[in-house]
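Peer 1: Provided herewith is a single structure, encoded as C-alpha cells, for subsequent inquiry.
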Amino acid sequence: MAWTPDEDTLAFLRLVALQNAVEYNGKAVAGSVVGRIMGMRADLRPHGRELAAAVAAAVTEANGFVADHGLEAAQQELAAMAPELLEERPKAERRVGLPDLEDAEEGNVVLRFAPNPNGPLSFGHARGLVINGAYAERYNGTLILRFDDTDTVVKPPMLDAYGSIQQETEWLLGRPADRVVIASDRIGVYHEHATVMIERGFGYVCTCTAEAFRDFRSAQTECPCRAVPSKEHITRWKGMLAGAYKPGEAVVRVKTGMDQRNPALRDWPALRLQDTVANPHPRPEIGSKHQVWPLLDFQSAIEDHLQGVTHIIRGKDLMDSTRKQTLLYEHFGWTYPNTMYWGRVKVHEWGGFSTSAMRKDIENGRYEGWNDPRLPTLSALKRRGIQPEALRAFWLELAITQKDISVPLSTLFSHNTKVVDSTAPRLAFVRDAVRMPLSGGPSEATLVRYPDQPKKDPRHHDLASGHVYIEREDSMTTSFRLKDLVDVDQHEGRLIAGDIERRDQRPIVHWTVDTSQHATLIVAEEDRLREVKGRLEPHQHPAGTVVQLERIGYAVVLDDRRLLLAHE
C-alpha cells in the first residue's frame, strides 16, 4: 500500500509552511519548505514524492493566512502552536536572482546554450537556456544556440529537433537566440585546427587499439605512436581524411602528458572515424560527406574560441571537460572562458529520464509522442499549461549552486499558479456526476469567471429545469452550500434551498447546470493517462486555454469535451 501522510504529519507540514511564510512575509516557497522538512524529519525523507502535494497545499494555506490576517497574526498563531519554530531560525535573507558574472563587461558577454539535437528540449535543458538567457539579457550580451550534432552513432541527431529546439528557445525566453551555429556545418573548420595541432606537434594520430591505449593510460606509459616523427603523423592524418583507415583504427589525440594525475586528461582523443555510410548524418546536406568527426570536448573547445564565448555555465559533472579544454587552449595560446558550475537538480516525480531513453520509448509506443504529458519535455509541459514565465522563475529561484538539489514538482506548479491564477477562467467540471432536483432555488445564476475582475465576462446559467449536477461523493452529505449559489439541505434525494447568503461554515460543493455535457478530464500518472468522466459546464473557451476547475485544479482545454489536468 502506498504511503500517505497521517494527520500528525499534515499538521507538522502546515506548521513548517507557516514558519516559512512568517520568515518571508507571506511568500513561502514549496521547495524551501520541503528542504526544511527533510532536514527536520529523517523519517519523512523516503517519502518526498508522496509529500509534494500536501506541502504545496500547506504552502498555499500559509501564504493565504498571511494575506488574509497579516504577518503579526501569523506570528501569534505560530507562537501558540509551535513556539520553537518561531525561535528556531533568525529571519534570513533569501538571495534573489543570479550572482554577477566574473569579469563581465556590458555589451561584451557571449554565452552559449549547446544541446545535442537527438530530441526536443527537456525540463533539464531549460536550466541552461534560462540562466544563459538571463545573463545575456542582464549584460546586453549575446546568446548563441549551438547544435552539438557530431555523433551519428551513440546519440544520432533527429532532423525535426533542429526546428523544434529553435521554436522552444523562443517560447521559453520570449525571443530567439542571437546566433545559431550547427557543428556539422563546420567539420572543415575542426579539420583545419586538427591539422595545425598535428603540424605544431601537440597532436598526433594514434593507431593503437582502444584496449592497448587503455593499458598505457593506466600504467601512465606513453603510447608508441607518440614517438613517431611529425611527418608520419601528417601522413596518417591525410590518410584518415582520405579513407585509408576504418573506424577504430586511428584517432587523433591531444598531447597532454601521460603523467596527468587524472586519467581522463591523459592524451585525450580529439577526432575519430565514424562509419557514416552505415550511419549517415540525418541532415541531407551532410549525410556521408565526412568520415573524420570531432569528439565533443574538441569541437566545443574550438567553437567556443571561434565564437568569442566569454563565459561557460555547465554542470559540475563536466569539470573534466574544462580541464581537457584548458590544456588544449594552452597549446593554441588561447585564453579559456570564465566557467561556473551547477549541481544536479532531481525532481522527485520524474526520476531518471534521458532523451535517448524517451526517444526509444516513443518509438516502442510506450508514450504517444514527445508531448505526452507524462514526459519532462518542454513540449509536454507546454501542452499541460505550464507557462514559460513559471519555468524561468523556477530555475532563476534555484540559481547557480554546486550543491545537488532534490525538489518536488509542486515547486514548479506553485510558480505556474502565480502566473495563471488571475487570467485562468473558472469552470466547473463535476466528476462522477449525479443529477439532483433543486427545490426553492433561484431560476438563474450569475457566477464569477475571473475572481480578480468579478465584473469581467460573468458566467450566466439558466436553472429553470430545477436540477443540478454534483459529485456522487458530495451527494452523500446532508447539508452543504452549492458554491456561489445557495445553502441546501438534502431530504429524500432532493436538495432543498435555504439561504442565498452564506450563514454558516457548512462545506462548499461545486456543481454544474442541467445543460452541461459529458466530458473527460485526462490525468497524467506515472504509468498511464487516466480518464476521469464527468459533466462540464457549458463554455466557449478555445483549445489551449488554461482554466481553473472548481475544487480540482488547473487544466488545459483540449476541445469542447476534453480537458488535460495541469496540476492542482
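Peer 1: Just to be sure, is Asp215 out of contact with any strand residue (DSSP E or B) (no Cβ under 9 Å at 6 or more places or on another chain), over 30 Å from Pro282 (Cβ atoms), loosely packed, with under 14 Cβ neighbours inside 10 Å and not β-branched (Val, Ile, Thr)?
Peer 2: Criteria met by Asp215.
Peer 1: Could you check, for the stretch 228-240, whether at least one of its residues is of a type in the set (Asp, Glu) and assigned to a helix (DSSP H, G or I)?
Peer 2: Within the stretch 228-240, one or more residues are of a type in the set (Asp, Glu) and assigned to a helix (DSSP H, G or I).
Peer 1: Residue check: is Tyr336 on the phi < 0 side of the Ramachandran plot and without any contact (Cβ under 8 Å) to a residue 60 or more places away in the chain?
Peer 2: yes
Peer 1: Of everything in the stretch 218-240, what is surrounded by 13 or more Cβ atoms within 10 Å (Cβ to Cβ), of a type in the set (Lys, Arg) and free of Cβ contacts under 8 Å to residues at least 12 places away in the same chain? Give them in sequence order.
Peer 2: Lys238
Peer 1: Same structure, new question: Which members of the stretch 155-169 meet the condition of being free of Cβ contacts under 8 Å to residues at least 60 places away in the same chain and exposed (fewer than 14 other Cβ atoms within 10 Å of the Cβ)?
Peer 2: Asp160, Gly163
Peer 1: Given the conditions (1) surrounded by 18 or more Cβ atoms within 10 Å (Cβ to Cβ); (2) touching a His at 6+ places or on another chain (Cβ under 9 Å); (3) modelled with pLDDT of 80 or more, and given that Ala52 satisfies all but one, which numbered condition is not satisfied?
Peer 2: Condition not satisfied by Ala52: (3).
Peer 1: Let me ask another. Output yes when any residue across the stretch 403-412 is of a type in the set (A, V, I, L, M, F, W, C), out of contact with any Cys (no Cβ under 9 Å at 6 or more places or on another chain), within 26 Å of Leu391 (Cα to Cα) and surrounded by fewer than 17 Cβ atoms within 10 Å (Cβ to Cβ), and no when none is.
Peer 2: Taking every residue of the stretch 403-412 in turn, at least one turns out to be of a type in the set (A, V, I, L, M, F, W, C), out of contact with any Cys (no Cβ under 9 Å at 6 or more places or on another chain), within 26 Å of Leu391 (Cα to Cα) and surrounded by fewer than 17 Cβ atoms within 10 Å (Cβ to Cβ).
Peer 1: Still on this model: Within the stretch 131-168, how many residues turn out to be hydrophobic (A, V, I, L, M, F, W, C) and in a loop (DSSP other than H, G, I, E, B)?
Peer 2: Number of matching residues: 3.
Peer 1: May I ask you to list the residues in the stretch 98-138 that are of a type in the set (Ser, Thr, Tyr) and within 13 Å of Ile313 (Cβ to Cβ)?
Peer 2: Answer for the stretch 98-138, where residues must be of a type in the set (Ser, Thr, Tyr) and within 13 Å of Ile313 (Cβ to Cβ): just Tyr135.
Peer 1: Taking only the stretch 512-559 into account, find how many residues are surrounded by 15 or more Cβ atoms within 10 Å (Cβ to Cβ), under 22 Å from the mean Cα position of the chain (by Cα), assigned to a loop (DSSP other than H, G, I, E, B) and modelled with pLDDT under 95.
Peer 2: 0
Peer 1: Taking the stretch 8-44 only, how many residues are modelled with pLDDT under 80 and more than 24 Å from Ala399 (Cβ to Cβ)?
Peer 2: 5
Yes/no per residue for (1) basic (Lys, Arg); (2) touching a residue at least 12 places away in the same chain (Cβ under 8 Å); (3) buried (at least 18 other Cβ atoms within 10 Å of the Cβ):
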residue: Ser354; (1), (2), (3): no, no, no
residue: Lys360; (1), (2), (3): yes, no, no
residue: Asn364; (1), (2), (3): no, no, no
residue: Trp370; (1), (2), (3): no, yes, yes
residue: Arg374; (1), (2), (3): yes, yes, yes
residue: Ala380; (1), (2), (3): no, no, yes
residue: Phe394; (1), (2), (3): no, yes, yes
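Peer 1: Sticking with this structure for a sec: Please go through the stretch 289-321 and give me each residue that is polar (S, T, N, Q) and more than 21 Å from Val251 (Cα to Cα), ordered by number.
Peer 2: Residues satisfying the conditions are Gln307, Thr310.
Peer 1: Determine if the stretch 292-313 includes at least one residue that is out of contact with any helix residue (DSSP H, G or I) (no Cβ under 6 Å at 6 or more places or on another chain), at pLDDT below 95, in a strand (DSSP E or B) and not basic (Lys, Arg).
Peer 2: Looking for residues that are out of contact with any helix residue (DSSP H, G or I) (no Cβ under 6 Å at 6 or more places or on another chain), at pLDDT below 95, in a strand (DSSP E or B) and not basic (Lys, Arg), one finds none in the stretch 292-313, hence no.
Peer 1: Now for a different question. Does the stretch 215-233 contain any residue that is under 21 Å from Asp275 (Cα atoms) and either assigned by TED's automatic domain parsing to the domain that holds Thr256 or β-branched (Val, Ile, Thr) (or both)?
Peer 2: no
Peer 1: Taking the stretch 459-482, which residues are under 40 Å from the mean Cα position of the chain (by Cα) and farther than 11 Å from Trp511 by Cβ?
Peer 2: If the condition is that a residue be under 40 Å from the mean Cα position of the chain (by Cα) and farther than 11 Å from Trp511 by Cβ, then Arg459, His460, Arg472, Glu473 are the ones that fit.
Peer 1: Say we look at the stretch 207-262 and pick out the residues that are over 44 Å from the mean Cα position of the chain (by Cα) and among the charged types (D, E, K, R); which of these is farthest from Met197 (Cα to Cα)?
Peer 2: Ranking the candidates gives Glu222 first.
Peer 1: A further question follows. Looking only at the stretch 1-49, which residues are more than 26 Å from the chain's Cα centre (by Cα), more than 16 Å from Leu85 (Cβ to Cβ) and buried (at least 16 other Cβ atoms within 10 Å of the Cβ)?
Peer 2: Pro5
Peer 1: Would you call Met319 assigned by TED's automatic domain parsing to the domain that holds Leu129 and within 25 Å of the chain's Cα centre (by Cα)?
Peer 2: yes
Peer 1: Select from the stretch 186-195 the residues that are touching a residue at least 60 places away in the same chain (Cβ under 8 Å) and farther than 12 Å from Trp293 by Cβ and list them in ascending order. Full working, then the answer.
Peer 2: Step one: list which residues in the stretch 186-195 are touching a residue at least 60 places away in the same chain (Cβ under 8 Å), which gives 186-187, 189-191, 193-194.
Listed by number, the residues that qualify are Val189, His193.
The values are calculated or read from the model by the stated rules, or taken from the named source; none is laboratory data. Everything numeric here is computed off the predicted structure, so don't read it as measured data. Here the Cβ is made from the backbone with ideal geometry for all residues, glycine too, and neighbour counts use every protein chain on show.
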